[in-house]
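**Q** One structure is given below, represented as structure tokens, and several questions about it will come after.
The values are calculated or read from the model by the stated rules, or taken from the named source; none is laboratory data. The structure displayed is predicted, hence computed values, not measured ones. Please note: Cβ atoms are built from the backbone with ideal geometry, for glycine as well, and neighbour counts cover all protein chains shown.
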Amino acid sequence: MSSLRKLPSLVLAVLLAAASSVRAQNQYIGYAYPAGGQKGTTFPIRLGGQGLIGACDVVVTGEGISARLVDYYRVMNNQELGLLRKQLNELQKKETTVSDVMAAKMAYFEFPARVEPPEVRGLICPACGRLNPLEATVCSSCNAKLEKPADPKPGQTDAKDEPPMSEKEVAKQNLIERIQLRFAEDERNAAVPAHTELVFAEVTVAPDAKPGRREIRVITKRGISNALPFHVGQVPEVARKPMKTAQKQVLGKEHLAQRKRPPEEEELRITVPCTMNGQIAAGEVNRYRFSASKGQRLVITAKARQLVPYVADGVPGWFQAVLRLHDANGKELAYNDDFRFHPDPVLYFEVPEDGDYVLTINEALFRGRESFVYRITVAEAPFVTSIFPLGARVGEPVKIETNGWNLEETTLEPPPKDAKPGHHLIAATNGKLVSNYVPFALDTLPECLDTESNDEPSQAQKVVLPIIINGRADRPGDWDVFEVEGKAGETIVAEVHARRLGSPLDSFVKVTGADGKVIALNDDHYDAGSGLNTDHADSYLMVKLPADGKYFIHLGDTRRHAGKEYAYRLRISQPQPDFVLRLIPSRIVIRSKASAAMTVFAIRKDGFDGPIKLSFKDLPEGLESSGATLAANTEMVGLAVKTSLTEMEKPVDLTVVGSATMGDREVVHEAVPAEDRMQAFLWRHLLPAENLPALVYDPSYQPPADRIRPPIRDEDRPKDATRNLPKSSVDGYLRQIEGLYQQWFFTDEFANREIANIEARLIQ
């Protein structure tokens, strides 16, 4: 897909439907950090996004994992930051106190500081609130003069020698730290405005949770966010300090926007096995030092593109990670910037001698932002590099050949006997650690193995249709040729599944007659259903045979590569009409007693062009839909659902199914929820999600008032004030003050005094 002109019609349809879908779903998360954690642990995370006001829950798919919302940071305006700055200045005066009610609340209110200790390195500007380097003398944003904290006076008592603080003093300090952290996280000139709202949560993973990929979402009082990958790990983990929202770079002054970190944060010492979590800023290299023993067989895997699959405003359209391994003297011993056609790198390293080793990660073009999140695991863990065959017939036994690293004493089980046709994920395990997951296909057609040598039509392997052949390219330049009997006017299909099943084979298929004349050929075929795949190297062709006789299907690798990992599944059959469905967006948000619309896309197979009836399966009470019909020869249709409810307490998962009549049988498939995602300014992909949550929300919802202010004292009211504000302005200021007060940013005394001052300025 080198240009928009070459995009398939389905992708163009996505372009047309994208705008309305985005407007209907305002809740968005661009990253989660860290994007996972170890089994049997509890850890803090943060999620950056937009439209998250009213955040009330964080949910993760799968069993054995739960999340608890801790706090939410919206983007504050300059007036609100000015009020916070004023409150902070008062709190830092020794005579300032807090009420008993606030002390009790602050003692138990779990701010981000509780799960993520604040360490504000730098000087907060008294004028604009921006965090500046410790060595700065003027603010980089507004040029205001900065004053460094005074050094302790001779004989001054050290903090550790001071008596324990009272509950009110602790509450006051907690509030000071919370406001400081709020200033430290604020970025007025964000590189990606869609990442500036922050949700803080605490995740707990059970000791018996299944390792691997999950999905995480944020639930708000007005909707549901998109889903992002979230991983359950198996070995101890470390996480670098979270990166604040990246600052937008100015041409010629890019260095001013780069993250400034102390040297001790650039390199961390770890103990293997370990999973390291980090974020890459512009121009940054992260280093990890560890000790290893001679003979250890370390597998080093990075997850980067897997965590945030597509970046809309960058080329390449994802975080392209690079791994390097050095010895203690700085000599480079290993390097990788991708694993075959997967952008995320993998290293296998047999330790040559005892000693220290240093692993580094950076972005290939030294780009960076807070959403460039990574997880690196270093362990003597099993890793599957390839399997053979890539699939089997449903219900039949199969022996799977496994290749890779550290696979001694491991077992790899195929999908269960009752598994349905489709792609399934399987992994090898040694009883302690589970390997990476690899796809395995199940189908209903008869199957056989490729039989060598079958390189020429004269040596072609004879097969009877329909058939799925499991084979591989055994040597460079290898061609596998299969002979079939055909009749005039008969249509046959030749389809390769290789790249979609993890094989590096870049297939090329052609059909020739007995005279050697080429009748049809194909190199690459775009599959809109494989949303994470951007290298559509599998071949597909459907051809009508001109006469009775013998025909030969030739299959080879376009780059003339070969090896035991270059496996394929070749289907040769008459057309098997079918379809798959994608539904965007991957969540449904409905206003009270209203309706919401989604878009359903059909990916038609083997020439199927009939109508498809769409409906919801087992809708809960309060929701209803008349369904829809995707007309013949069309690829997209709208689907609506309406509600009689005012609101839902929690989201519910829904299922959409499509049915079509094909001959004398009815085919029914569930629609796969998906997100419309842009890659590198141009290409769009339907990225599948695990579930389809729906939520009914009340647009008139207002957060409850948790605090009741004491009456304003007479001494708080100004004796003489200039009445220069209209009622609309006064009402706006009062809403701001009350909002920050209810969010526990203000003391009672401060809020009352500010309210009294504003009320006194009302024009009579």
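**Q** Report, by residue number, each residue of the range 610-645 that is polar (S, T, N, Q), surrounded by 14 or more Cβ atoms within 10 Å (Cβ to Cβ) and in a loop (DSSP other than H, G, I, E, B).
**A** SER625, THR634
**Q** Contact list please: Cβ distance under 9 Å, first residue in the range 312-328 and assigned to a loop (DSSP other than H, G, I, E, B) and modelled with pLDDT of 95 or more, second residue among the small types (Gly, Ala, Ser) and crowded, with 22+ Cβ neighbours inside 10 Å, pairs at least six apart or on different chains.
**A** What qualifies is TRP318/ALA304; PHE319/ALA304; PHE319/GLY368; PHE319/SER371; GLN320/ALA304.
**Q** Same structure again: Taking interchain pairs and intrachain pairs at least six residues apart, which have beta carbon atoms under 6 angstrom, with the first residue in the range 183-201 and farther than 18 Å from GLN27 by Cα and the second of a type outside the set (A, V, I, L, M, F, W, C) and part of a loop (DSSP other than H, G, I, E, B)?
**A** Close Cβ pairs satisfying both conditions: PHE183/GLY129; GLU185/LYS244; GLU187/THR245; ASN189/LYS248; ALA190/THR196; ALA190/THR245; ALA191/LYS248; ALA191/ARG369.
**Q** Is the range 737-752 home to any residue that is surrounded by 14 or more Cβ atoms within 10 Å (Cβ to Cβ), over 42 Å from the mean Cα position of the chain (by Cα) and over 30 Å from HIS536 (Cβ atoms)?
**A** yes
**Q** Identify the residue in the range 439-456 that is of a type outside the set (Asp, Glu) and assigned to a loop (DSSP other than H, G, I, E, B) and, among all such residues, is nearest to GLY513 (Cα to Cα). Can you show your working first?
**A** Residues of the range 439-456 that are of a type outside the set (Asp, Glu), as a first pass: 439-442, 444-446, 448-449, 451, 453-454.
Within this subset, residues satisfying the condition of being assigned to a loop (DSSP other than H, G, I, E, B) are 444-446, 451, 453-454.
Details: THR444: 28, LEU445: 25, PRO446: 24, THR451: 21, SER453: 20, ASN454: 16 Å.
Among them, the one singled out is ASN454.
**Q** Grab the strands (runs of 3 or more DSSP E) fully contained in the range 8-104, keeping just those with 2 or more residues being modelled with pLDDT of 95 or more, buried (at least 19 other Cβ atoms within 10 Å of the Cβ) and among the charged types (D, E, K, R). Before the answer, list the steps.
**A** Values: elements: 28-33, 36-38, 42-50, 55-60, 65-73.
The strands (runs of 3 or more DSSP E) meeting that bar number zero.
**Q** Pull up the range 650-696, narrow it to residues that are in contact with a Ser or Thr (Cβ under 9 Å, 6 or more places away or on another chain) and of a type in the set (D, E, K, R), then point me to the one that is nearest to PHE608 (Cα to Cα).
**A** Result: GLU666.
Residue by residue, here is whether (1) touching a Cys at 6+ places or on another chain (Cβ under 6 Å); (2) in a loop (DSSP other than H, G, I, E, B); (3) in contact (Cβ under 8 Å) with a residue 12 or more places away in the chain holds:
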| residue | (1), (2), (3) |
| --- | --- |
| SER458 | no, no, no |
| LEU465 | no, yes, yes |
| ASN470 | no, no, yes |
| PRO476 | no, yes, yes |
| VAL484 | no, no, yes |
| ILE492 | no, no, yes |
| SER503 | no, yes, yes |
| PHE508 | no, no, yes |
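**Q** Moving to a separate point now. Does ASP100 satisfy the condition of being outside the structural domain of TYR741 (by TED's automatic domain parsing), in contact with a strand residue (DSSP E or B) (Cβ under 8 Å, 6 or more places away or on another chain) and either of a type in the set (Phe, Trp, Tyr) or in contact (Cβ under 8 Å) with a residue 40 or more places away in the chain (or both)?
**A** So ASP100 does not fit the description; no.
**Q** Ok, one more. Name the residues in the range 428-449 that are closer than 28 Å to GLN38 by Cβ and buried (at least 17 other Cβ atoms within 10 Å of the Cβ), would you? Steps first, please.
**A** If we filter the range 428-449 for residues that are closer than 28 Å to GLN38 by Cβ, which is where we start, we get 428-440.
Correct list: ALA428, LEU433, VAL434, SER435, ASN436, VAL438, PRO439, PHE440.
**Q** Can you confirm whether the range 354-362 contains a residue that is among the polar types (S, T, N, Q), more than 14 Å from TRP405 (Cβ to Cβ), in contact (Cβ under 8 Å) with a residue 12 or more places away in the chain and assigned to a loop (DSSP other than H, G, I, E, B)? Walk me through it before giving the result.
**A** Quick first cut of the range 354-362, residues among the polar types (S, T, N, Q) only: 360, 362.
Filter again for more than 14 Å from TRP405 (Cβ to Cβ), leaving 360, 362.
Checking the rest, the ones that are also in contact (Cβ under 8 Å) with a residue 12 or more places away in the chain come to 360, 362.
Still in the list and also assigned to a loop (DSSP other than H, G, I, E, B): none.
Checked against the condition, which is being among the polar types (S, T, N, Q), more than 14 Å from TRP405 (Cβ to Cβ), in contact (Cβ under 8 Å) with a residue 12 or more places away in the chain and assigned to a loop (DSSP other than H, G, I, E, B), the range 354-362 yields no hits at all.
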